[in-house]
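Take a look at the structure set out below.
The values are calculated or read from the model by the stated rules, or taken from the named source; none is laboratory data. What you see is a predicted model, and the numbers here were worked out from it, not measured in a lab. Cβ: placed from backbone, ideal geometry, glycine included. Neighbour counts: every protein chain shown. Please note that ligands, DNA and RNA were not included when accessible areas were found on the heavy atoms of the full protein model with its side chains. Shrake-Rupley method; radii C 1.70, N 1.55, O 1.52, S 1.80 Å.
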Amino acid sequence: MTSSLLLRNARLLDPLTGEYTEGDLRCADGRIAEAGPGPAAAADVRTLDLRGAVVLPGLIDAHVHVAASTADLGSLPAQSPAYAAAQAARIMSAMLDRGFTTVRDVAGADYGLADAQAEGLFRGPRLLFCGKALSQTGGHGDSRTRGTHVRDDHPCCAGLNRIADGVDAVRAAARDELRKGAHHLKVMASGGVASPTDRIDSTQYSADELRAIVEEAEAANRYVAAHAYTARAVNRALELGVRSIEHGNLLDDRSVELFVERDAYLVPTLVTYWALKEEGREHGLPESSWRKVDEVLDAGLAALDRAARGGVKLVYGTDLLGGMHRHQNHEFRLRAEVQSPLEVIRAATSTAADLLNLTGEIGTLAIGAHADLVVVDGDPLADIGVLTRPFRHVVQGGEVVA
């Protein structure tokens, strides 16, 4: 028996057109086999009558840290790898319950977690990983305080980042993460909130170092995602060939021009600043980092608005840490303050799939795509809040998983 699931009487949403089609959707062998008006084949298939409920592609979060079980990122390398894996499995299971059937991890997850999820050892979204992010000494990925000198870069240590300085060292680090199966590389191209010794308005890595990392990614048919806040850091990274900018809260008009010229993507993460300000300290964020949040909190929505009006390709991301992961769907509401519901949905489906080089595979209800779906009560095009409430069903690979 190859057919695994049939959804009857559904309203099927195409994120590209924003149009609904009334009909059935049949999943077979983990893929979408039929979709649209007219009854689908139904022999010996589990059938759900949706009675007009809305079906849209499984959601994609392109900026997560499934290994970030606390907001005190500096404490993560001291965790037992076994404990870190157990925490990540718990975090990923909850992401699946929230409708995210694919996530892109941008520091911390590795091939072990990806393989375990793919083999069904635990439930969770499909995981695209970069391994550890690359940081310069004293950069956003260097969690040492000023009085700490020694660091342990043993490859089996938990944690989100690795430190590499100089062109030869960053090439070796990039090649090492690619050797372990990285789907993309992540670099810290500016200062950040959670790092203890850098300034948010700093640029990080020399042009030669960034260029070398981009060259290594391109040689392996992969790409580079860069953490960057200020226009100076964003523009520099784009000019050097980075494909996706993470955050970008302080970008300018030139940034928008470069995104369009270079066919690059912006992954804003508004909800993490909201959450860090509200409750970051309760979940381990050091006081010094909490005081940095204001520098990027208010600017994020304005940057999103500027980028959206300028035609930048926008992708859904959250960047939540520790106990704040539960706010993952609140990003929909925040973005809807300056974007239409359809634009926000595209960011979490079709456009995200394009960034992940999985166009036609995920983020769509097209025939042949992975049968990753969410079923919701209500019209998300009329009320984006529908995507912030519990879903009727989450389907992954043609199986009802939530």
- Each label sits 7 Å from Cα toward the beta-carbon; between ARG199 and GLU119 the label points are separated, in nm, by 4.9
- Provide the percentage of antiparallel DSSP beta bridges, counting only those with both residues in the chain; round to the nearest 5. 45
- Query: Given q = 0.15, 0.19 Å⁻¹, what are the Debye log10 I(q)/I(0) values for region 267-337, with equal point scatterers placed on the Cα positions and solvent ignored?
  - Reply: -0.48, -0.74
- Solvent-accessible ranking of ASP383, ASP24, ASP208, largest area first, probe 1.4 Å: ASP208, ASP383, ASP24
- Item | Helical segments meeting 15 Å axial Cα length and Kyte-Doolittle 0.5 threshold in the chain (DSSP H) | 81-97
- Message: What is the ratio of the Cα radius of gyration of region 348-402 to 2.2 N^0.38 Å, with N the residue count, to two decimals?
- Response: 1.19
- Message: Suppose only helical runs count, i.e. DSSP H with n ≥ 4. What mean residue ellipticity at 222 nm does that imply for the chain under -39500 (n - 2.57) per run, divided by all residues and rounded to the nearest 500 deg cm²/dmol?
- Response: -8500 deg cm²/dmol
- Item | trypsin sites (Lys or Arg not before Pro) lying in DSSP loop within region 301-396, provided at most 13 other Cβ fall within 10 Å | none
- Query: So, in Å, what gap is there between the alpha-carbon centers of region 245-281 and region 306-350?
  - Reply: 10
- Query: Where the eigenvalues come from the Cα gyration tensor of the chain, what are the semi-axes √(5λ) of the equivalent ellipsoid, largest first, in whole Å?
  - Reply: 35, 22, 20
- Message: Could you compute Rg(Cα) / (2.2 N^0.38 Å) for region 12-75, with N its residue count?
- Response: 1.68
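Kirkwood-based Rg over Rh for region 1-147 (C-alpha set), two decimals?
Details: Rg = 20.1 Å, Rh = 17.9 Å.
Using Cα coordinates only, the ratio equals 1.12.
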- Evaluate Rg over Rh across region 187-257, taking Cα atoms for both radii and Kirkwood's formula for Rh. 0.97
- Item | Average accessible surface area per residue within the chain, 1.4 Å rolling probe, Å² | 39
- Query: In whole Å, what three semi-axes, largest first, describe the equivalent ellipsoid of region 259-379 built from its Cα gyration tensor (square root of 5 times each eigenvalue)?
  - Reply: 27, 18, 13
- When the accessible area of the chain is computed with all protein chains present and a 1.4 Å probe, what percentage of it is carbon and sulfur? 48
- Please provide three numbers in whole Å: the alpha-carbon extents of region 157-202 along the principal axes, with the largest listed first. 32, 24, 19
- Task: May I ask you to give the average projected area over all directions of the convex hull of the Cα atoms of region 199-302, in nm² rounded to one decimal?
- Result: 7.1
- Item | Pairs of lysines in the chain (C-alpha under 21 Å apart; 8 or more residues apart or interchain) | 4
